[in-house]
Amino acid sequence: MLKHLLIDNYALIEHLEIQPDSHLNVITGETGAGKSILRGALGLLAGNRADTKVLLNPDGKCVIEGTFDISTYNLKKIFEKEDVEYDSTCIIRRQIAPNGRSRAFINDMPVPLDSLKRIAVRLMDIHAQHDTMQLFSNDYQRNVLDLYANTKTLLEIYGQEFRQYRKIIKKYEELKNEEIRLRKEYDYNMHLLQELEKADLEKINKEELEQELERLENVDFIRTQMSIAFNSISDEEYSAENILREAVHALSKTQSFSPSFEALYNRLNSAMIEIQDISKEIEGESEQLVTDDETAGVVKQILSALYHLENKHNVNSSEELMAIRDEISDKVRKVENFDEDLKDLKEDIARSKSYLTDLANQLTEQRKSVVEDTQSQINYLLGELGMPNARFQIEITPIPLSPSGADLVEFWFSANKGISPQPLKDVASGGEFSRLMLCIKYRLAKHISLPTLVFDEIDTGISGEIALKMGKIIQDMSKTHQILIISHLPQIASQGSAHYYIYKDNSADRTVSRIKKLSDNDRVKEIAQMIGGSTPSTSTYNSAKELLQVK
């Protein structure tokens, strides 16, 4: 519900503030005073595009701000989805700078225009004869019928199942495409897999093999160096072993003189023993050194195959090759299992489609169950609004399963006797459209809580008793919904629970639009002037008073 509206520096409006009534707010005024300007300002709050041409003072900033009480609306999830802080009092603000930059705020948080639109549409429903075309949309028509039919719970169940159905189909299509791709690669992958499996990669230690090959290829050199080392330690007269033996013998004679001498002796003796052990190991290793061309050839062959595979797969280790082998193995196995996997998914699709079709049929039946009553009530209302020969009907045509069921819902309409109804978008004129929209909204108001309704030019082309009936319908809607209506008809203006008058103020250098809330006496005068012009007669005043008593 709109609790407060502020407009600064917009078109002819210098400054305007109103606190609308919670029921029916009527806005009247002289032609060109700014009634439609007010609707344009509300349109900016709803997310319409801004233009610097709307600035009254081109050097100043335009501000339009609406404060809404949304405590009775269930909108918290919408705010969370748009990442906007929720509060039961929602303040929407649009600012237009002189340079043309437009900004939107919700609860003082800057928001993208698209986010503003998605939230504002839950707060205001603006209708004008020429700029509200949503009723022509089949989606909107279906949504209206669903509200009449109370399909919300069933639609939620259907929607969940439809999303699951689409997921399974997508998975099937992805698997099918993957099958086509992998089958093309199957022979090549099999060749790669066999090649990698033949390499027996788990048994290969690249470092050990490279070291072994290097040893086998350098046996003579190693044997020579080992011989030099052995002779230097043990064989020659001045070998390390002989020199150490003499040193150990010498120190053995000093160990009794000091613990430190004894320690030196023990250390040198240990070194002597270590040298002897090393000498024996060198001798043993040398004896085992033999030239083995056959083993070297085998090692070379293994390493050559490994290098070839590494180069082929652009890796540097057998571990990486094993990972590639396992990946290729998965692809090969997948191809071999495709038929079974695709069969399972086909069965899942069939089961889901069967359940979905059953739900769609339930939706269709639920929609059809309210068609006759809905047509009858709207046709009755159209007759009340001066269209006794109008025919409104709802056509439901089967279509393939969609996110909202298996129905194409179309509103068909004929305004004249003897003319067959046609799809609404092809036949309704502006005035007819406005009255039909009012009838639909009136019916909807009996089923759900609507946002603040804003009507402009909805009373075009009617007068007299028809206008009075339209006023009663709107007044009846306002018992449970807030309505703002811009009107030029006294029959409708008289129904308001609050009456605002927009007028031009020429007292300063620049003409501006102003608004005031009319008192009871002012309302009588304004209604009388709407009936009889600027100088109404006594009888016209009496007619105005009579209208104001009609509620």
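The residues listed here are 196, 216; of these, the one that is in the same structural domain as residue 294 (by TED's automatic domain parsing), at pLDDT 75 or above and surrounded by 12 or more Cβ atoms within 10 Å (Cβ to Cβ) is 196. Residues of the stretch 15-47 that are surrounded by fewer than 19 Cβ atoms within 10 Å (Cβ to Cβ) and either aromatic (Phe, Trp, Tyr) or over 28 Å from residue 476 (Cα atoms) (or both): 15, 32.
Matching residues to (1) part of a helix (DSSP H, G or I); (2) in contact with a Gly (Cβ under 8 Å, 6 or more places away or on another chain); (3) outside the structural domain of residue 45 (by TED's automatic domain parsing); (4) in contact (Cβ under 8 Å) with a residue 12 or more places away in the chain:
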{"site": "438", "(1), (2), (3), (4)": "yes, no, yes, yes"}
{"site": "443", "(1), (2), (3), (4)": "yes, no, yes, yes"}
{"site": "455", "(1), (2), (3), (4)": "no, no, no, yes"}
{"site": "459", "(1), (2), (3), (4)": "no, no, no, yes"}
{"site": "472", "(1), (2), (3), (4)": "yes, no, yes, yes"}
{"site": "476", "(1), (2), (3), (4)": "yes, no, yes, yes"}
{"site": "491", "(1), (2), (3), (4)": "yes, yes, no, yes"}
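The set of residues in the stretch 304-351 being more than 42 Å from the chain's Cα centre (by Cα), more than 16 Å from residue 190 (Cα to Cα) and surrounded by fewer than 15 Cβ atoms within 10 Å (Cβ to Cβ) consists of 304, 307, 308, 311, 316, 317, 319. Does the stretch 159-170 contain any residue that is among the polar types (S, T, N, Q), in the same structural domain as residue 327 (by TED's automatic domain parsing), in a helix (DSSP H, G or I) and surrounded by 12 or more Cβ atoms within 10 Å (Cβ to Cβ)? Taking every residue of the stretch 159-170 in turn, none turns out to be among the polar types (S, T, N, Q), in the same structural domain as residue 327 (by TED's automatic domain parsing), in a helix (DSSP H, G or I) and surrounded by 12 or more Cβ atoms within 10 Å (Cβ to Cβ). Inside the stretch 74-129, can you point out the residues that are in contact with a strand residue (DSSP E or B) (Cβ under 9 Å, 6 or more places away or on another chain), surrounded by 15 or more Cβ atoms within 10 Å (Cβ to Cβ), assigned to a loop (DSSP other than H, G, I, E, B) and not polar (S, T, N, Q)? Scanning the stretch 74-129 gives 75, 82, 84, 111, 123. Taking the listed residues 283, 294, 347, the one that is modelled with pLDDT under 85, out of contact with any helix residue (DSSP H, G or I) (no Cβ under 7 Å at 6 or more places or on another chain) and not in a loop (DSSP other than H, G, I, E, B) is 294, with no other qualifying.
Just one of the listed residues (449, 534) is at pLDDT below 85, under 41 Å from the mean Cα position of the chain (by Cα) and surrounded by fewer than 20 Cβ atoms within 10 Å (Cβ to Cβ), namely 449. Summed over the stretch 53-65, the residues that are over 14 Å from residue 13 (Cβ atoms) and in contact with a Ser or Thr (Cβ under 9 Å, 6 or more places away or on another chain) give a count of 1. Pairs are defined by a Cβ separation below 6 Å, a sequence spacing of at least 6 or placement on different chains, a first member in the stretch 509-537 that is touching a residue at least 40 places away in the same chain (Cβ under 8 Å) and closer than 22 Å to residue 36 by Cα, and a second member that is of a type in the set (Asp, Glu) and surrounded by 12 or more Cβ atoms within 10 Å (Cβ to Cβ); the pairs so defined are 512/14; 512/505; 514/505. Report yes if some residue within the stretch 100-117 is more than 26 Å from the chain's Cα centre (by Cα) and either farther than 29 Å from residue 437 by Cα or among the small types (Gly, Ala, Ser) (or both); otherwise report no. Yes, the stretch 100-117 contains at least one residue that is more than 26 Å from the chain's Cα centre (by Cα) and either farther than 29 Å from residue 437 by Cα or among the small types (Gly, Ala, Ser) (or both). Residues that are within 20 Å of residue 507 (Cα to Cα) and touching a residue at least 60 places away in the same chain (Cβ under 8 Å) within the stretch 11-36 comprise 11, 12, 13, 14, 16, 29, 30, 32, 33, 34, 35, listed in sequence order.
Quick check on this structure: which one of 118, 122, 103, 93 is under 29 Å from residue 431 (Cα atoms) and touching a Lys or Arg at 6+ places or on another chain (Cβ under 9 Å)?
Values: 122 fails: touching a Lys or Arg at 6+ places or on another chain (Cβ under 9 Å); 103 fails: under 29 Å from residue 431 (Cα atoms); 93 fails: under 29 Å from residue 431 (Cα atoms).
Step by step, each of 118, 122, 103, 93 is checked, and only 118 is under 29 Å from residue 431 (Cα atoms) and touching a Lys or Arg at 6+ places or on another chain (Cβ under 9 Å).
The values are calculated or read from the model by the stated rules, or taken from the named source; none is laboratory data. All figures in this text were calculated on a predicted structure; none of them were measured in a lab. Counting neighbours? That spans all protein chains shown, and the Cβs are built from the backbone with ideal geometry, glycine included.
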